[in-house]
């Protein structure tokens, strides 16, 4: 039988510079958190691989 995975890895998330000071990043991570929990994941790894300057 196939087992359901309990972990998830998110490598990068991008918010365009024109939306940085509007709270879009917070809303995006809140929505991701709700969906991840709703699907039964118990562990999530986040990593930042680069930044726009």
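The values are calculated or read from the model by the stated rules, or taken from the named source; none is laboratory data. This is a predicted model, so every value here is computed, not measured. Virtual Cβ from ideal backbone geometry, glycine too; neighbours counted across all protein chains shown.
The set of residues from the range 15-42 being in a helix (DSSP H, G or I) and closer than 28 Å to residue 4 by Cβ comprises 27, 28, 29, 30, 31, 32, 33, 34, 35, 36, 37, 38. Each residue in the range 30-44 was checked for being within 16 Å of residue 9 (Cβ to Cβ) and under 9 Å from the mean Cα position of the chain (by Cα), and 4 of them qualify.
Once the range 12-53 is narrowed to residues that are in contact with a strand residue (DSSP E or B) (Cβ under 8 Å, 6 or more places away or on another chain) and surrounded by fewer than 10 Cβ atoms within 10 Å (Cβ to Cβ), the residue that is modelled with the highest pLDDT is 45.
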